[in-house]
1. How do the pairs read when you match residues in the stretch 91-115 that are over 29 Å from residue 54 (Cα atoms) with residues anywhere that are of a type in the set (A, V, I, L, M, F, W, C) and surrounded by 14 or more Cβ atoms within 10 Å (Cβ to Cβ), using Cβ under 6 Å and keeping only pairs 6 or more apart or on different chains?
2. Can you tell me which residue in the stretch 31-54 is farthest from the chain's Cα centre (by Cα), limited to those that are polar (S, T, N, Q) and part of a loop (DSSP other than H, G, I, E, B)?
3. Residues of the stretch 1-30 being among the aliphatic types (A, V, I, L, M), in a loop (DSSP other than H, G, I, E, B) and modelled with pLDDT of 75 or more, which ones?
4. Since residue 84 meets every condition but one in (1) closer than 23 Å to residue 3 by Cβ; (2) at pLDDT below 90; (3) of a type in the set (A, V, I, L, M), which condition does it not meet?
5. Go through the stretch 96-117 and count every residue that is surrounded by 15 or more Cβ atoms within 10 Å (Cβ to Cβ) and over 16 Å from residue 44 (Cβ atoms).
6. Which residues, counting only those in the stretch 40-54, are surrounded by fewer than 19 Cβ atoms within 10 Å (Cβ to Cβ) and in contact with a His (Cβ under 7 Å, 6 or more places away or on another chain)?
7. Within the stretch 63-75, can one find any residue that is at pLDDT below 85 and within 12 Å of the chain's Cα centre (by Cα)?
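The values are calculated or read from the model by the stated rules, or taken from the named source; none is laboratory data. Please read all numbers here as calculations on a predicted model, not as lab measurements. Ideal geometry is used to build each Cβ from the backbone, glycine not excepted, and the neighbour counts take in all protein chains shown.
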Amino acid sequence: MATDVLVKGSPFGTGGYQEGVLKHFGPASYTQVTPGTTPSGGDTVYASQFGLKVIHCLEVAGDNTGTYVVVPIPDANTVTGQIVGSAYALRWFTAASMAEVAGAVNLSASFVKLRAIGY
C-alpha cells in the first residue's frame, strides 16, 4: 500500500500562514460520501499530515492517471476529536462521467497533490 508523502520543505511560510503540499494516495477501499452537516465517508485527510493544526483552504490537483477528479469537503469527520478545520473529506469522481467512485473501489494506485493553507 502506498503511503502519503509530505513534499520536501513543507510546510512553507506565506505571510501569517503556513502551507503544506502532500502527495496523497487514494484509499484501498473507497467509501462513498454521505452528504450532510457533518459528511461521512470519502477519503479523510488531516491538517497534521501537512504539518499544520488547522486548514483554511485545501486545493487539489487531478490524479496522476487523469481518471479521477477530487473535491475537498471541509470539516469532515470532526467527531474524531480533531479540532474544527483540521479535517477534509476527499470525494473522488470519475473524470469521464463525473459520477462518484463506487464503494470498495481500490484507488491506492492513484494519487493527487494537495496544497493546504493554514497554521
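1. That search, which allows pairs on different chains as well, returns 95/69.
2. 37
3. Our first condition is that a residue be among the aliphatic types (A, V, I, L, M); within the stretch 1-30, this holds for 1-2, 5-7, 21-22, 28.
From the residues that got through so far, the ones that are in a loop (DSSP other than H, G, I, E, B) too are 1-2, 7, 28.
Passing the criteria: only 28.
4. Here residue 84 clears every test but (1).
5. Number of matching residues: 5.
6. Across the stretch 40-54, there are no qualifying residues.
7. Just the residues of the stretch 63-75 that are at pLDDT below 85, to begin with: 74-75.
With the extra rule that they be within 12 Å of the chain's Cα centre (by Cα), the set shrinks to 74-75.
Yes.
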